[in-house]
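Student: The structure's right below; bear with me while I get my questions together.
The values are calculated or read from the model by the stated rules, or taken from the named source; none is laboratory data. Only a predicted model underlies this, so the values are computations on that prediction, with no experimental measurement involved. Backbone-built Cβ (ideal geometry, glycine too); neighbour counts: all protein chains shown. Quick note on the areas: whole protein, heavy atoms, side chains included, nothing else; ligands and nucleic acids left out. Shrake-Rupley method; radii C 1.70, N 1.55, O 1.52, S 1.80 Å.
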Amino acid sequence: MARSLQKHAVVIGGSIAGLLAARVLSAAFEQVTIVERDELPAIAAERKGVPQSPQPHILLTKGYRILKELFPGIEHELLADGAIPVDWGTDFHYFAFGGWLAAAPEESELTSVSCTRPLLEAAVRRRVQGISNVQMLSPYRVRSLTGNAQVVTGVCMAHTHDRQTEKALTADLVIDASGRSTNASDWLAAIGQQPPAIDTVNAGLGYATRRYQLPPDWSADWKVMLIGHEPPDNSRLGYLAQVENNELIATLGGYENQYPPLEEDAFLAFAQQLSDPSFYKAIASLTPTTPIKAYRSTANKRRRYDQLEHMPTGFIAIGDAVCALCPAYGQGLTTSGQSAVVLQDWLSQNELTHTLAFQKKLEKAIKPSYDVAAGSDSGFVSTKGRIPKGRVAKVMNSYMRRLFTIAHTDGELNLSLIKIAHMIDSPIKLFHPKILLKMI
């Protein structure tokens, strides 16, 4: 908690990153205002401003733990709303490099829940709306920042539908949590501040998703299934997860612009072409409950605030507004949680004037996730902005392939890999003597 309460903080964007930021800010500011461009639904529902809402969202164990720390008891609310508890060691089936990875030998502590994005967001929003010093303004769209290159003093905004209805808010701190499509570069340029450079690695991934009703006699030894892509040769993936309302969410993905189709028969035909038939067999006889919906804004984008020579006091950026990752790796919700943790630590140091220091701390926290997503996507030869792979990277690729092959029959090794993927253990653990011995 900050040593002394500041007066007012404004959060641009009411999605997961913005909601988590507001929760943290509520302990350090007298008043927190969330400005959201959408009309916020009273119940769990898809929103126009979140075009990825129909697509699956993975809450890694690290992100789940952060969520429970910020909102004690929220796991019970999620389960009561229908979220499915998942033990990633035993309930997750993963097909990679020619085989299924072995299940963990016993139940693990690598747990979270599987649910749709609207359900998760609604649960978090309810908690934030219950905080007395947090208010939400919607639907309002921020048009500009007020202030100058030295200090940001607030925002100007207009009603999303009636654009003549304008408002101005003064603030001691403005946080951009408006997501992948942020206009922050324009806002900053307008007040004389140099916008950040943007790193972009785009492997041309497109998704197609629909949900299916599970029958009363449904029986499976998994709750989440992934048939993974493998650069540079295998560009297709399939993801299945049990979610609320006794439904199964099914997603097909195609890299290098080989997008899965949106027509029923072609969708199923695409599923049959995955590396293993289990995905197709799972959905072939199920009844669809939604149309097939596409999503193709999947490039890895990192705005390099950390490399600026100067950041105005009173303005920072978090979540996808800083680092938007390819969703195939399931890191987005968790990196939003990490942003909130970095923000909480920064506020506890009472460093509001050191905004550039905040962006450097945030970059350090999210860099491993960016390296995983952008590095893997760079394995496709057609990737735009691909990161050239040096000798060390090529050796690491061979090493990881060997580890996954061993994990086909070694549940203990698979559990170690899951701990790293879920950000519980450091990637350095890949070179633990116990793992090196398995390699030998």
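Student: I'd like to verify a number: residues in the stretch 91-141 that are out of contact with any Leu (no Cβ under 9 Å at 6 or more places or on another chain), among the hydrophobic types (A, V, I, L, M, F, W, C) and assigned to a strand (DSSP E or B), how many?
Tutor: 1
Student: OK, next. Among the residues of the stretch 331-344, are any surrounded by fewer than 18 Cβ atoms within 10 Å (Cβ to Cβ) and either farther than 26 Å from Leu5 by Cα or not hydrophobic (A, V, I, L, M, F, W, C) (or both)?
Tutor: Within the stretch 331-344, none of the residues are surrounded by fewer than 18 Cβ atoms within 10 Å (Cβ to Cβ) and either farther than 26 Å from Leu5 by Cα or not hydrophobic (A, V, I, L, M, F, W, C) (or both).
Student: Here is a further query. Report yes if some residue within the stretch 226-248 is part of a strand (DSSP E or B) and among the small types (Gly, Ala, Ser); otherwise report no. Step through it out loud before you land on a result.
Tutor: First, pick out the residues of the stretch 226-248 that are part of a strand (DSSP E or B): 226-227, 230, 234, 236-243, 247-248.
So of that shortlist, the ones also among the small types (Gly, Ala, Ser) come out as 238, 241.
Yes, the stretch 226-248 contains at least one residue that is part of a strand (DSSP E or B) and among the small types (Gly, Ala, Ser).
Student: Would you confirm whether or not the stretch 215-223 contains a residue that is without any contact (Cβ under 8 Å) to a residue 12 or more places away in the chain, among the aliphatic types (A, V, I, L, M) and surrounded by fewer than 22 Cβ atoms within 10 Å (Cβ to Cβ)?
Tutor: Checked against the condition, which is being without any contact (Cβ under 8 Å) to a residue 12 or more places away in the chain, among the aliphatic types (A, V, I, L, M) and surrounded by fewer than 22 Cβ atoms within 10 Å (Cβ to Cβ), the stretch 215-223 yields no hits at all.
So that you can scan it fast, the table gives a plain yes or no per residue for (1) among the polar types (S, T, N, Q); (2) open to solvent by less than 50 Å² (accessible area, probe 1.4 Å); (3) out of contact with any helix residue (DSSP H, G or I) (no Cβ under 6 Å at 6 or more places or on another chain):
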site: Asn133; (1), (2), (3): yes, yes, yes
site: Arg141; (1), (2), (3): no, no, yes
site: Gln150; (1), (2), (3): yes, no, yes
site: Ala171; (1), (2), (3): no, yes, yes
site: Asp176; (1), (2), (3): no, yes, no
site: Ser185; (1), (2), (3): yes, yes, yes
site: Pro196; (1), (2), (3): no, yes, no
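Student: Separate question: Working only within the stretch 224-256, note down all residues that are surrounded by fewer than 23 Cβ atoms within 10 Å (Cβ to Cβ), polar (S, T, N, Q) and closer than 16 Å to Ala282 by Cα.
Tutor: Gln242, Asn246
Student: Here is a further query. Could you please find all residues in the stretch 396-440 being hydroxyl-bearing (Ser, Thr, Tyr), assigned to a helix (DSSP H, G or I) and either in contact (Cβ under 8 Å) with a residue 24 or more places away in the chain or open to solvent by less than 60 Å² (accessible area, probe 1.4 Å) (or both)?
Tutor: Taking the stretch 396-440 as the starting set, the residues that turn out to be hydroxyl-bearing (Ser, Thr, Tyr) are 398-399, 405, 409, 416, 426.
Pick out the ones that are also assigned to a helix (DSSP H, G or I) and you get 398-399, 405, 416.
If the condition is that a residue be hydroxyl-bearing (Ser, Thr, Tyr), assigned to a helix (DSSP H, G or I) and either in contact (Cβ under 8 Å) with a residue 24 or more places away in the chain or open to solvent by less than 60 Å² (accessible area, probe 1.4 Å) (or both), then Tyr399, Thr405, Ser416 are the ones that fit.
Student: Further, regarding this structure: Do we have Glu30 as closer than 17 Å to Val134 by Cβ, surrounded by fewer than 16 Cβ atoms within 10 Å (Cβ to Cβ) and of a type outside the set (Gly, Ala, Ser) here? Reasoning before the result, please.
Tutor: On the way: closer than 17 Å to Val134 by Cβ: yes; surrounded by fewer than 16 Cβ atoms within 10 Å (Cβ to Cβ): yes; of a type outside the set (Gly, Ala, Ser): yes.
Here the answer is yes, as Glu30 does meet what is asked.
Student: Something else about it: Count, please, the residues in the stretch 336-359 that happen to be within 20 Å of the chain's Cα centre (by Cα), more than 17 Å from Arg304 (Cβ to Cβ) and small (Gly, Ala, Ser).
Tutor: Total meeting the criteria: 3.
Student: Evaluate the following for Phe267: is it open to solvent by less than 20 Å² (accessible area, probe 1.4 Å), touching a Pro at 6+ places or on another chain (Cβ under 7 Å), in a helix (DSSP H, G or I) and closer than 30 Å to Ser219 by Cα?
Tutor: Numbers: open to solvent by less than 20 Å² (accessible area, probe 1.4 Å): yes; touching a Pro at 6+ places or on another chain (Cβ under 7 Å): yes; in a helix (DSSP H, G or I): yes; closer than 30 Å to Ser219 by Cα: yes.
Yes; evaluated as a whole, the condition is true for this residue.
Student: I'm trying to understand the selection: among the residues of the stretch 71-86, which are over 28 Å from Ala208 (Cβ atoms) and open to solvent by 10 Å² or more (accessible area, probe 1.4 Å)?
Tutor: Once the filter is applied, which keeps residues that are over 28 Å from Ala208 (Cβ atoms) and open to solvent by 10 Å² or more (accessible area, probe 1.4 Å), the stretch 71-86 yields Pro72, Gly73, Glu75, His76, Glu77, Leu79, Ala80.
Student: Before we move on, is Ser219 farther than 29 Å from Gly89 by Cβ and not in a strand (DSSP E or B)?
Tutor: Details: farther than 29 Å from Gly89 by Cβ: no; not in a strand (DSSP E or B): yes.
The answer is no for Ser219.
Student: Let me ask another. Quick check: is even one residue across the stretch 304-314 among the charged types (D, E, K, R), open to solvent by 10 Å² or more (accessible area, probe 1.4 Å) and touching an Asp or Glu at 6+ places or on another chain (Cβ under 9 Å)? Talk me through it step by step, then tell me what you get.
Tutor: Filtering the stretch 304-314 for residues among the charged types (D, E, K, R) gives 304, 306, 309.
Adding the requirement that they be open to solvent by 10 Å² or more (accessible area, probe 1.4 Å) leaves 304, 306, 309.
Restricting the remaining residues to those that are touching an Asp or Glu at 6+ places or on another chain (Cβ under 9 Å) gives 304, 306.
Yes, there is a match, as at least one residue in the stretch 304-314 is among the charged types (D, E, K, R), open to solvent by 10 Å² or more (accessible area, probe 1.4 Å) and touching an Asp or Glu at 6+ places or on another chain (Cβ under 9 Å).
Student: Does Leu67 satisfy the condition of being in contact (Cβ under 8 Å) with a residue 24 or more places away in the chain, open to solvent by less than 20 Å² (accessible area, probe 1.4 Å), within 17 Å of Gly332 (Cβ to Cβ) and not in a loop (DSSP other than H, G, I, E, B)?
Tutor: Details: in contact (Cβ under 8 Å) with a residue 24 or more places away in the chain: yes; open to solvent by less than 20 Å² (accessible area, probe 1.4 Å): yes; within 17 Å of Gly332 (Cβ to Cβ): yes; not in a loop (DSSP other than H, G, I, E, B): yes.
Judged against the criteria, Leu67 is a match.
Student: Looking at the stretch 97-112, is at least one residue open to solvent by 10 Å² or more (accessible area, probe 1.4 Å) and within 20 Å of Ala250 (Cβ to Cβ)?
Tutor: yes
Student: Search the stretch 291-303 for residues that are closer than 21 Å to Thr200 by Cβ and pair each with any residue that is of a type in the set (S, T, N, Q) and open to solvent by less than 40 Å² (accessible area, probe 1.4 Å) when their beta-carbon atoms are under 6 Å apart and the residues are at least 6 apart or on different chains.
Tutor: Final answer for the pair search is Tyr295/Gln55.
Student: Being open to solvent by less than 10 Å² (accessible area, probe 1.4 Å) and touching a Leu at 6+ places or on another chain (Cβ under 7 Å), is that true of even one residue in the stretch 351-369?
Tutor: Checked the stretch 351-369: at least one residue is open to solvent by less than 10 Å² (accessible area, probe 1.4 Å) and touching a Leu at 6+ places or on another chain (Cβ under 7 Å).
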